[in-house]
Amino acid sequence: MSLIRHSSTRGVVLRQHACSPPCLQQQLGMLKRSYNGSGRQGHRMPPHAAAASPDIVQRLGSTITATAPPAQQQPVQEQQQERQESGSFNWHRAWYPVAIVSQLHEARPTATQLLGMDMVIWRDGNGSWVVFEDRCPHRLAPLSEGRLEPATGHLMCSYHGWQFDSQGKCTSIPQIGEPAAHAAACSSKRTCAIAYPCQVAQGLLWVWPDAGSPELAAASPPALSSQYGAEGWTLLGGEWFARDLEYGFDTMMENLFDPSHIPFAHHGIMGSASRDKAQPLHITTTVDVTPTGGCRWCC
């Protein structure tokens with residue numbers, strides 16, 4: 001069995017007022033262009049930073065608005081019922097395996113990407129794995145380029161030395177020496193890193209890429225394999241392995257639903273696959289495809 005990562009793009013739009021001056025409109029246009037596309041292209045302002053930093057908005061101009069988070073969160077039971085009744089699938093409110101735990105480095109942060117979102121994986125002083133958005137709330141530097149501070153067990157940003165605990169709370173700002181001011185700054189939500197729900201199961205690190213629904217994440221178990229660790233079942237090759245493939249998940253799903261390629265594409269390299277054993281396949285669907293339940297078939 002393998003763990004495969006795919007990437008997708010995510011755009012961010014800052015709305016501008018009709019009365020915005022031309023120079024401000026040009027600045028906003030540059031911000032919007034820098035956000036459309038995948039991969040890192042310099043330090044960019046994520047939507048949560050604009051929404052959580054009113055002083056930044058005021059400096060750019062009072063006519064800028066940013067998409068605000070929902071005013072009130074639905075109870076977990078209502079969210080679950082809504083998901084079932086709608087028949088739709090919220091890609092950000094699901095568990096994804098993003099790393100093989102045995103291959104993660106315990107002494108330094110690791111960068112990864114999920115659904116086009118840059119993330120950083122690190123291990124805190126208590127030995128628990130943590131997943132943040134890979135951006136410091138201060139100057140948006142990648143936290144994956146930081147370090148783990150041995151004295152505190154916290155993640156330190158390499159740009160200005162800010163430190164964050166496993167919940168994303170800022171615990172140290174070296175540039176502020178006055179104790180009361182330091183405590184006030186660290187208690188502000190604007191200095192918090194974005195922490196995603198995560199858990200370790202079946203040797204994999206799973207992430208729920210919606211920081212705003214931790215209760216729903218806790219009530220929604222990941223899709224674990226019932227065969228993992230069961231008698232008579234083993235991982236291909238004896239352990240997990242990962243590959244980065246330069247195509248989308250839909251192409252990968254087409255591949256997985258096409259068992260007829262195995263005797264040829266995997267000849268001599270996977271199990272008993274052999275060109276000599278190729279034959280017509282009769283496939284029977286045992287469970288119909290649904291947006292949330294997947295499907296099941298045999299041949």
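Label the stretch 116-173 by shape, choosing from rounded, prolate and oblate, from the square roots a ≥ b ≥ c of the eigenvalues of the Cα gyration tensor; if a/c is under 1.5 it is rounded, and otherwise prolate applies when a/b is larger than b/c, oblate when it is not.
Cα axes put the stretch 116-173 in the oblate bin.
MET270 versus GLU215, label points 7 Å from Cα toward the beta carbon: distance in nm?
4.3
Please list 3J(HN,Hα) in residue order for the stretch 228-238, calculated via the Karplus relation 6.51 cos²θ - 1.76 cosθ + 1.60 where θ = phi - 60°; whole Hz, with x for glycine and proline.
Couplings: 4, x, 6, 4, x, 10, 8, 6, 4, x, x Hz.
Express the relative contact order of the stretch 143-299 as a whole percentage, based on alpha carbon pairs under 8 Å and six or more residues apart in sequence.
Numbers: 152 pairs, mean separation 12.5, N = 157.
Dividing the mean separation by the residue count of the stretch 143-299 yields 8 percent.
Gap in Å between the Cα centre of the stretch 186-263 and the Cα centre of the stretch 135-162?
26
With a ≥ b ≥ c taken as the square roots of the eigenvalues of the C-alpha gyration tensor of the stretch 210-294, please select rounded if a/c is under 1.5 and otherwise prolate if a/b is larger than b/c or oblate if it is not? Walk me through the numbers before you get to the answer.
Numbers: a/c = 1.88, a/b = 1.66, b/c = 1.13.
Prolate is the answer for the stretch 210-294, as a/c is 1.5 or above and a/b outweighs b/c.
When every alpha-carbon pair in the stretch 147-235 is counted, what percent end up more than 21 Å apart? The partial results should precede the final answer.
Values: 1980 of 3916 pairs.
Every Cα pair in the stretch 147-235 considered, those over 21 Å come to 51 percent.
Every number here is computed from the coordinates shown, using simple stated rules; none is lab data. Owing to the predicted nature of the structure, the values given are computational and were not obtained by experimental measurement. Every residue, glycine among them, receives a Cβ derived from its backbone with ideal geometry; neighbour counts consider all protein chains shown.
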